[in-house]
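What follows is a set of notes on a single structure, which appears directly below.
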Amino acid sequence: MADTDLILSQQLDGIIPTEISNEIVKQIMQGSICMKYAKVEPMTTPKKTIPVVINVPGATWVGEGEKIKVGKPSIVPVTLEAKKIAIIMTASREALTDPVANLFEDLKDAIAESFYSVIDRTILTGDAANPFKKTLLSVGTPNGITETDDIMIDISNTLGKVEESGFTPTVLIQAPKTKTKLRNLKTTMGTQLVTDVNNIYSTPVEYTTHFDNTKTPLITGDFDYLRLGVLQDIQYEVLRESTLTLEDGTSVNLGQDDLMGLRVTMRIASQVLRDEAFSIMIPKV
């Protein structure tokens with residue numbers, strides 16, 4: 001555990017101070033669309049098994065002296081297994097003289113944004129590492145509809161796929177480019193057809209770049225059937241002599257460039273309980 005009275009060079013690895021860690025988790029919960037709408041389970045260990053009721057037996061009318069017919073609910077154990085996600089930030093080695101608490105207080109917003117963007121991308125359309133067996137793209141594709149030139153019909157049909165399976169769509173997650181299409185729709189009289197692009201067919205809309213919109217421009221579903229888990233502790237490690245490969249393919253040698261790296265990790269779990277509760281818009285070829 002990090003000692004907040006120590007400077008970073010005296011505490012090269014450990015757990016981010018609890019108060020700051022809790023603030024980061026809170027920001028992640030607010031910034032992540034998946035966490036905003038799904039059911040989130042707190043976790044104290046990397047694995048947690050929870051009972052989930054899939055089908056609730058219906059009530060029946062009963063006459064005097066009659067036996068109550070007992071339905072058989074579908075209760076299944078669901079295991080949430082937290083997977084490690086990490087970011088690495090580079091900074092001047094002068095940061096080694098900063099108090100641990102002060103450093104992470106300054107970095108908490110950037111850490112939270114980095115985490116919730118990768119969490120959404122991984123759960124929605126998948127990440128190169130594929131930490132989770134199911135993404136909303138993978139489960140929604142068999143239940144998806146192919147994109148046409150009529151975006152309003154496409155949205156209606158995508159919502160309809162979820163409703164036909166007996167679920168209620170919680171949210172429409174769309175690429176920002178669809179907002180322009182919606183604003184440009186006109187009635188036969190030339191007035192704007194969609195006056196509120198943030199609520200379509202009585203369903204809230206979230207626009208985000210945190211998923212691969214080349215694979216789908218729209219994802220929807222009943223997010224009661226997406227279960228996420230969060231391990232509260234966020235760990236860090238200082239890197240001083242490593243060579244880092246950046247996103248653009250170039251490399252940075254920390255020792256030669258008088259830099260340090262700060263590796264921050266946390267653990268997130270994700271489980272889709274019912275595949276048919278989700279649908280996507282399949283891009284037309």
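A short reminder: the numbers here are calculations on the coordinates, not readings from a lab. All of these numbers come straight from a predicted model, not from anything done at the bench. Please note: Cβ atoms are built from the backbone with ideal geometry, for glycine as well, and neighbour counts cover all protein chains shown.
Identify all lysines with a Cα-Cα distance to Lys39 below 17 Å; exclude those on the same chain that are fewer than 8 residues away in sequence.
Lys26, Lys47, Lys48, Lys134
Spelling out what I want: for every residue of the stretch 234-245, take phi, set θ = phi - 60°, compute 6.51 cos²θ - 1.76 cosθ + 1.60 (Karplus), and round to whole Hz; glycine and proline get x.
After applying 6.51 cos²θ - 1.76 cosθ + 1.60, I find 10, 9, 9, 8, 8, 10, 10, 10, 7, 10, 9, 9 Hz.
Please list the non-local residues whose amide H lies under 5 Å from the amide H of Leu185, H modeled 1.01 Å from N, same-chain partners needing a gap of 5 or more.
Leu193, Val194
Run lengths n ≥ 4 of DSSP H only: what is the helix-derived mean residue ellipticity at 222 nm for the chain, with -39500 (n - 2.57) per run over all residues, to the nearest 500?
Dividing the helical sum by the residues of the chain leaves -7500 deg cm²/dmol.
What's the FRET efficiency of Gln232 with Asp196 using the Cβ-Cβ distance as r and R₀ = 35 Å, to the nearest 0.05?
0.40
In degrees, nearest 10, range 0 to 90: what is the angle between the Cα axis of helix 151-164 and the longest Cα principal axis of the chain?
Approximately 80 degrees, to the nearest 10.
Can you classify the stretch 105-192 as rounded, prolate or oblate using the Cα gyration tensor, where a ≥ b ≥ c are the square roots of its eigenvalues, rounded means a/c under 1.5, and otherwise it's prolate if a/b beats b/c and oblate if not?
Taking the square roots of the gyration eigenvalues as a ≥ b ≥ c, the stretch 105-192 is oblate.
Just how far, in whole angstrom, is the stretch 105-119 from the stretch 210-227 if you go by their alpha carbon centroids?
Result: 21 Å between the Cα centres.
Once both axes come from the Cα atoms, what is the angle between helix 18-31 and the longest principal axis of the chain, in degrees from 0 to 90, rounded to 10?
Around 40 degrees separate the two axes.
Can you list residues whose amide H is under 5 Å from Thr170's amide H, if they're 5+ apart or on another chain and H is modeled 1.01 Å from N?
Gly221, Asp222, Phe223
Quick one: Karplus J couplings for the stretch 87-95, per residue in order, coefficients 6.51, -1.76, 1.60, θ = phi - 60°, nearest Hz, x for Gly and Pro?
Working through the residues one at a time gives 10, 10, 10, 9, 8, 4, 5, 4, 5 Hz.
On a full-extension model of 0.36 nm per residue, what is the gain between Thr187 and Glu19, subtracting their alpha-carbon distance, rounded to one decimal in nm? Display every interim value, and only then the final one.
On the way: separation 168, 0.36 × 168 = 60.48 nm, distance 5.26 nm.
Gain on stretching Thr187 to Glu19: 55.2 nm.
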